[in-house]
Amino acid sequence: MLKRTLTSLGFALVGLPAIIFGGIFYYLLIMVILAGSAWEYVRLYRAVRYEPSEIVTIGSVLCIVTARFFFPGAAIPLLVLLIFTAMGAHLIAYERGRDQAALDFAVTVAGIVYLGWIGSYLLDLRQLPQGGWWLMIVLPIVWGGDTGAYSIGVAYGKHKMTPRLSPKKSWEGYVAGLITSIAVGAFFSYAFSSLGPQPLGGSITAVQGGFLGLVIGALAPLGDLGESMFKRQGGLKDSSNIFPGHGGFLDRIDSWIWGAALGYFVIRYFIL
């Protein structure tokens, strides 16, 4: 418990200044998180004898994150080039005797797209006007949903939601997490638009914040289940043990990736 608390404090000491100040500091933080997640992703699949290219997967994630931050107009052509590069790497692997190279290629591309492209919405969300405040609505929605689902699920969960992927998750917990996400979204939106310095004054209402919470609360748990699928496939409990009491990078950001992408599109097309 002490290790978990100290690790959480460390996350806050690094993460909050990065969110607040943005810029290079935030880019470097997300780059490290997504590259670390890519390393864990490769490790999970190698545990079951797949051979995604570590160099191509991690390198591609780093390239995409950098392009999305510094050169967004070049990001799509770069993604295409990186997928072609992955194909080339696995063609060479097949010629060298790797009979499962086609499946390895699919795993590599999935990692590039999921962690590199979709993960980079953590950057895009911060790049929105007043993006630091938007992050401080979206991430609490994700955390609030996780907390609500866990608290009610442990106490009252009787109907298993995904008995194979995550046996402890229940429909009662899911509904509680959804309600919590809506409440957190509505409250933070009201607070940031009506109280104190009003950093988002006029940009979002409590109703819009509740809608944002509804979308994220309904769909972001799939990120957690998706990471559970990766771990079940690899036969591992955690993606790594790099963070004492918290597991690895993927264990921390599984729902963040979904929350950031969903939040970005809801804010961009329904709120701003």
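For segment 175-224, the candidate set comprises residues that are of a type in the set (A, V, I, L, M, F, W, C) and assigned to a loop (DSSP other than H, G, I, E, B); within that set, the residue that is surrounded by the fewest Cβ atoms within 10 Å (Cβ to Cβ) is Leu195.
Rundown of residues vs (1) at pLDDT 95 or above; (2) of a type in the set (D, E, K, R); (3) in contact with a strand residue (DSSP E or B) (Cβ under 9 Å, 6 or more places away or on another chain); (4) closer than 20 Å to Leu125 by Cα, yes/no style:
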residue	(1), (2), (3), (4)
Thr7	no, no, yes, no
Ala12	no, no, no, yes
Leu16	no, no, no, yes
Arg43	no, yes, no, no
Glu51	yes, yes, no, no
Glu54	yes, yes, no, no
Ile58	yes, no, no, no
Leu62	yes, no, no, yes
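Of all residues in segment 89-113, those that are in the same structural domain as Leu44 (by TED's automatic domain parsing) have Cβ atoms under 7 Å from Cβ atoms of residues that are among the aromatic types (Phe, Trp, Tyr) and in a helix (DSSP H, G or I), 6 or more apart or on another chain, in His90/Phe105; Ala101/Tyr94; Val107/Tyr45; Gly111/Tyr41. Scan segment 49-63 and give yes if some residue there is among the charged types (D, E, K, R), part of a helix (DSSP H, G or I), touching a helix residue (DSSP H, G or I) at 6+ places or on another chain (Cβ under 7 Å) and within 20 Å of Leu236 (Cα to Cα), otherwise no. Yes. Please count how many residues of segment 84-100 are exposed (fewer than 11 other Cβ atoms within 10 Å of the Cβ) and either in contact with a strand residue (DSSP E or B) (Cβ under 9 Å, 6 or more places away or on another chain) or under 17 Å from Tyr114 (Cα atoms) (or both). Counting residues in segment 84-100 that are exposed (fewer than 11 other Cβ atoms within 10 Å of the Cβ) and either in contact with a strand residue (DSSP E or B) (Cβ under 9 Å, 6 or more places away or on another chain) or under 17 Å from Tyr114 (Cα atoms) (or both) gives 1. Under the condition of being touching a residue at least 40 places away in the same chain (Cβ under 8 Å) and part of a loop (DSSP other than H, G, I, E, B), the residues counted in segment 134-174 number 2.
The residue that is surrounded by the fewest Cβ atoms within 10 Å (Cβ to Cβ), counting only those in segment 65-83 that are touching a Ser or Thr at 6+ places or on another chain (Cβ under 6 Å) and aliphatic (A, V, I, L, M), is Leu82.
The values are calculated or read from the model by the stated rules, or taken from the named source; none is laboratory data. Remember, predicted model here, so these are calculated numbers, not experimental data. Cβ coordinates were reconstructed from backbone atoms using ideal geometry, including for glycine residues, and neighbour counts include every protein chain displayed.
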